[in-house]
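Only one structure is covered here, and it is reproduced in the block below.
No lab work stands behind these numbers, since they all come straight from the coordinates. Please read these numbers as outputs of a predicted model, since none were measured by experiment. No Cβ is skipped: glycine too gets one built from the backbone with ideal geometry, and neighbour counts run over all protein chains shown.
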Amino acid sequence: MLLKHCTSTNSLLTAMTKAKQRQKHFAHKPDSGGGGDMVTRTAKPVSYSKPASSQNHWHSRHRFQMTLLLSVLVALISILAIVYWVEIIRGTALLVATVKALLYRPAPKPIEYLLGDNILPKAQKKPKYTGMQREFVDPNSASLHKKFALDFKQVQRIRLHNMKKYSFNYSVYGIDRRANLSLQEFRDVYDGKWPVLITDVIPKWPAAKWTGQYFATKFGNDRATMKAVDEQYPENNQNIGITMSLFHQHIHDVTPKQWTYIGDEIFIPMRPELYSALGDIIYLEEDFYKLFPPEIRPWDAMMLWGTANSYSSFHMDPYNWSGTNAVLWGTKRWKMYPPGQDDYFYVMSGIHSHFPMDCFKYNSQLNAYNIDHVEYPMFTYGRSVDFDQHAGELLLLPTGWYHQVYNLEETFAVSSQWMNRNNYRVILEEIFKVNKQLRATLPEDVDDYSPEEKVKAIFRNLPQDIIQKGRDETWFLINQLQMTQDEMDQKGYHLPFNWK
Ligand SMILES: O=C(O)CCC(=O)C(=O)O
């Protein structure tokens, strides 16, 4: 209506101004009958002046929303910072330490730094342990209903204290070679605490007489799981079932970059003649693994037959168990890392071990014997106990230690593991980590039971699917080894180094 009478911008402005004045005038008389109508009609143009106030309204509404959003964000960040302050400080410190390690490689500190209070670079003021913690909780009084982790430093204090009971001249930060070691001294000083080499056990085993020729003759057509590694062309790497005779025939056809390694969990356990030739180890007299239902009990005599230059992965053992390694011939070079140094090892997460009972696998991709300091700068801080293990020596290695083995020459060993009063709580925690439902099945009063009864209680109500998985895993291994050469060819498997 108004626009109809307007012929120019000027007249429009004049009309708007007049309308505004009228609106002001009538605005003071809102109840004035027909005037109200007038306001309605003449107020229309006033809508041109409305944007300012509605914009203000829009702005203030959005400012309010933004402020609200920011406040929520700040509150959330503050809560996260309060809850995760240790991780945040630790993450920042690790970042700084990584940059430092990349810029100039710090000289490794002596291993005693791991045990004292003044340990490690700043990044490690709060060491991260796989299955370990700083506050010491006595494993035997720690409730099974709650999470548990062991304090390695406290374990070391106990070890150092216990050493005073005996007259042996211990190598506190190195490796002891022991004969006639009593069970009590083993439990006090080494079991779950520090590795030790036992020199007087294997020579008594019938298996001490085994040779490569014996395996090639007696089990020539039987297969074992072997990995073939070609470091120059890793795409050629294979995991295959190899016959004993073929493996033995090519045992010396290796170079530092091309090697093979039999690592077979069931070859020995499946053959009574071999299994019974392994003698007893008095230190493993108490073994809670025997309480596991057979379907989910870890296999306990792994054949490790490697060519010269072969090596294991850098890892901590499954279930965080304590392990044995009996060298029957050859020499193994070990690097063993006391617990508390996980941040340096680039451990892959979320990987599972193919054991009868599900558990995590703590493996790193790094090779401690040929370290790439650019890819793994933090590894420079790691401290290890280094030693060679010779034929006839039995290594007992404790829970929680990362390690890697390098075979200096053709080497044959048998490995196993144990679970007893000194490590059962750590192992149970590993089991609960993956099989969470098991903790919920425990009786209320389980903490009053003896260690042995506690372990039994866990398996009393074991779900059938866990048992079935155990069976499946074992059958998978057995089927794998029954593969013939023809089947191997059909499946496109082949050896990387012309071995046929
Ligand atoms: O002897 C080997 O190659 C590996 C042994 C090992 O790492 C272990 O028994 O946990």
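Using a basic spin-label model with each label point 7 Å from the Cα along Cα→Cβ, how many nm lie between Tyr166 and Asn479?
Label-label distance for Tyr166 and Asn479, simple model: 4.8 nm.
Any idea how far apart Asp200 and Asn461 come out in nm if each label point goes 7 Å out from Cα toward Cβ?
Taking the simple label geometry, Asp200 and Asn461 are separated by 4.9 nm.
Beta carbons within 10 angstrom, averaged per residue: use that to sort the peptides 293-299, 376-382, 208-214, highest first. Numbers along the way, then the final one.
On the way: 293-299: 17.1, 376-382: 21.1, 208-214: 13.4.
By packing density, highest mean first, the sequence is 376-382, 293-299, 208-214.
State the extension gain, in nm to one decimal, for the chain segment bounded by Val99 and Glu409, taking 0.36 nm per residue of separation less the distance between their alpha-carbons.
On the way: separation 310, 0.36 × 310 = 111.60 nm, distance 3.77 nm.
Full-extension gain reported as 107.8 nm.
Please give the length that would be gained between Ile88 and Arg471 if that part of the chain were fully extended, namely 0.36 nm times their separation in residues minus their C-alpha to C-alpha distance (nm, one decimal). Can you show the working numbers first?
Details: separation 383, 0.36 × 383 = 137.88 nm, distance 4.33 nm.
Length difference between fully extended and current span is 133.5 nm.
In whole angstrom, how far apart do the alpha carbon centroids of region 413-429 and region 214-274 sit?
27
What does the convex hull of the alpha-carbon atoms of region 347-420 project to on average, in nm²?
Working: hull surface 27.7 nm².
One quarter of the hull surface, i.e. the mean projection, equals 6.9 nm².
Can you order the peptides 307-320, 80-93 by their average number of other Cβ atoms within 10 Å per residue, highest first? Before the final figure, lay out the partial values.
Numbers: 307-320: 21.7, 80-93: 12.4.
Packing order, densest peptide first, comes out as 307-320, 80-93.
Hey, can you rank 441-451, 395-405 by average C-beta count inside 10 Å, highest first? Don't jump to the answer; show the numbers that get you there.
Values: 441-451: 13.2, 395-405: 24.4.
Going by the mean number of other Cβ atoms within 10 Å, highest first, we get 395-405, 441-451.
Among the listed pairs Lys193/Lys227; Lys290/Lys433; Lys209/Lys361; Lys290/Lys436; Lys433/Lys456; Lys165/Lys193, which have their C-alpha atoms separated by more than 25 angstrom in this model?
Numbers: Lys193/Lys227 32 Å; Lys290/Lys433 21 Å; Lys209/Lys361 33 Å; Lys290/Lys436 22 Å; Lys433/Lys456 18 Å; Lys165/Lys193 16 Å.
Over 25 Å apart, Cα to Cα: Lys193/Lys227; Lys209/Lys361.
According to the square roots a ≥ b ≥ c of the eigenvalues of the Cα gyration tensor, what is the shape class of region 152-490, taking rounded for a/c under 1.5, prolate for a/b larger than b/c otherwise, and oblate for the remainder? Walk me through the numbers before you get to the answer.
Details: a/c = 1.40, a/b = 1.19, b/c = 1.18.
Rounded shape, in that the Cα axes give a/c under 1.5.
Put a dot 7 Å past each Cα toward the Cβ at Arg333 and Tyr275; how far apart are the dots in nm?
With each label point 7 Å from Cα toward Cβ, the separation is 3.6 nm.
Of Pro398, Phe379, Ser312, which is farthest towards the positive pole of region 152-490's charge dipole, taken about the Cα centre with +1 and -1 on the beta-carbons of Lys, Arg and Asp, Glu respectively?
Pro398
FRET efficiency for Asn239 and Val74, Cβ-Cβ distance as r, R0 = 56 Å, nearest 0.05?
Values: r = 52 Å, r/R0 = 0.93.
About 0.60, to the nearest 0.05.
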